[in-house]
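Working notes for the structure below.
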Amino acid sequence: MSTATLTNLLEYLYATLTPNNMKWLGEHLIEHAEKEEVIPVYTREELIQMAELGRKQIEEGHYFTTEEVLAACEKEEMVLS
């Protein structure tokens with residue numbers, strides 16, 4: 001997210017939250033950020049290997065179409081409602 005977008009979000013929150021709400025939100029954001037997993041770093045060879053595996057799976061028909069994914073999402077939303 002860009003600095004401008006984050007600044008706009010921050011200004012919005014300043015205008016809408018009480019000081020207690022700001023403290024609560026800040027504490028929870030910090031707690032979540034500290035628990036956040038580190039994104040793994042892959043070598044070029046590992047990335048190529050993953051891409052080749054994906055291509056092989058597609059060739060073998062192991063994939064979902066956009067329509068199938070959207071239908072599953074809609075079904076999940078109905079279950080959650």
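The values are calculated or read from the model by the stated rules, or taken from the named source; none is laboratory data. Model, not experiment: these values are computed from the prediction. With ideal geometry, Cβ positions are generated from the backbone for all residues, glycine too; neighbour counts draw on all protein chains shown. Accessible surface areas use protein heavy atoms only, side chains included; no ligands, DNA or RNA. Shrake-Rupley method; radii C 1.70, N 1.55, O 1.52, S 1.80 Å.
Points worth noting:
- Here is the size of the chain from its Cα atoms: Rg then Dmax, 20.8, 56 Å.
- Computed about its Cα centre, the charge dipole of the chain is approximately 260 debye, with only Lys, Arg, Asp and Glu carrying charge at their Cβ.
- Based on DSSP H segments of at least four residues, each scored -39500 (n - 2.57), the chain has a per-residue ellipticity at 222 nm of -25000 deg cm²/dmol.
- For segment 1-47: rounded, prolate or oblate by the Cα gyration tensor [a/c cutoff 1.5]: oblate
- Per residue, the chain exposes 99 Å² of solvent-accessible protein surface, assessed with a 1.4 angstrom probe and all protein chains in place.
- Farthest positive-ward along the chain dipole, Cα basis, beta-carbon charges - from 41, 1, 24: 24
- Compared with the alpha-carbon gap, the fully stretched path from residue 31 to residue 65 is longer by 8.5 nm at 0.36 nm per residue.
- Protection proxy ranking of 7-19, 35-47 - average other beta-carbon atoms within 10 Å, highest first: 7-19, 35-47
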